[in-house]
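A.B. asks: Okay, handing you the structure first.
Values in this text are rule-based calculations from the coordinates and carry no lab data. Bear in mind the structure is a predicted one, so any value in this text is a computation, not a measurement. Here the Cβ positions follow ideal geometry from the backbone for every residue, glycine too, while neighbour counts run over all protein chains shown.
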Amino acid sequence: MTDLPPAIVRTPRAVWRDGELRETSERATPAETAIAIVYDGGTEAVMMASPADVEDFAVGFSLTEGTVASVDEIESLEIVDHGLGLEARMWLAKGRAERLGRRRRNIAGPTGCGICGIDSLEQAVKPACQVTSDATFSAADIHEALDALSRAQTLNFATRAVHGAGFYRPRQGLVAAREDVGRHNALDKLAGALARAGENPEDGFVVLTSRVSVEMIQKAAVIGVGLVVAVSAPTALGVRMAEEAGITLAAIARSDGFEVFTHHRRIIAAEPEKLAAGGTAP
């Protein structure tokens, strides 16, 4: 596999405080690299992203954008470093490659751009996949997931400049976490990691450090989770899309609580097994 560029760059800086320059030193800053998504020799998208977990990004992007329906439709994946950026070169199964050829498009996207390159308004607000998960989660699960994702964000701890996306499963904990300068990219990387590991998304939920816009819900619906938890607020269209997709959306999540915007039934006061055993909810 290609050796990837470092995810952290030490950048010289001068610190200005109290009306004067107090010190000169270096600061850890997140790297930002152009990553081209290439199918069967043709470029489908160019995104600015963190040069880490690039295979996960390529697979996740392919899934959440609908280029492939499963990871099995990607016959090979290679990461190539061109100096100016990276190429994620994929070869698709024959039937999928033929369908892609009929709708080939090229995108040049800024950091974390979710809908650059679409050619109709309908594509921007296309219906999300319908989520069928009936798993329920406690408030304690949500708080534990938030804490676990925060601890797992090593890149953000060093730079304070990247987003995180994690998948949490009750009684197992944080199964996977991915980081990126772009919030969409972080979620795509998580989607790819889960698909490549063969994880069942229906018995866990996604936790995000970013706001929840419509395309974040669309991507979560492709993953198949029934609950999305976010530190930041949702957009109005994000809420509407979550309602239509059957996703429970909990946002503005803090240590003292959170707000539930859609499909409240998946969040319960106590752990399911405690209620089944005859315990009472607090």
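A.B. asks: Would you compute, from DSSP H runs of 4+ residues alone, the mean residue ellipticity of the chain at 222 nm, taking -39500 (n - 2.57) per run and dividing by the full residue count, rounded to the nearest 500?
C.D. replies: Calculated mean residue ellipticity at 222 nm is -8500 deg cm²/dmol.
A.B. asks: Among the DSSP beta bridges whose two residues both lie in region 129-270, what percent are antiparallel, rounded to the nearest 5? Show your work: numbers first, answer last.
C.D. replies: Values: 15 of 24 bridges.
Percent antiparallel among DSSP bridges in region 129-270 is about 60.
A.B. asks: What is the extension gain from Asp72 to Glu26, computed as 0.36 nm multiplied by their sequence separation minus the C-alpha to C-alpha distance, in nm to one decimal?
C.D. replies: Values: separation 46, 0.36 × 46 = 16.56 nm, distance 4.41 nm.
Length gained, Asp72 through Glu26: 12.2 nm.
A.B. asks: By per-residue mean of other Cβ atoms within 10 Å, what is the highest-first order of 162-170, 21-29, 92-100?
C.D. replies: Numbers: 162-170: 24.9, 21-29: 11.6, 92-100: 14.8.
Ranking the peptides 162-170, 21-29, 92-100 by packing returns 162-170, 92-100, 21-29.
A.B. asks: Further question: For Lys126, list the aspartates and glutamates whose Cα falls under 17 Å from its own Cα; do not include residues on the same chain fewer than 8 positions away.
C.D. replies: Glu65, Glu215, Glu243, Glu244
A.B. asks: Under the √(5λ) rule applied to the eigenvalues of the Cα gyration tensor, what semi-axes describe the equivalent ellipsoid of region 141-282? Give them in Å, descending.
C.D. replies: Values: eigenvalues 103, 60, 47 Å².
Listed largest to smallest, the semi-axes of region 141-282 are 23, 17, 15 Å.
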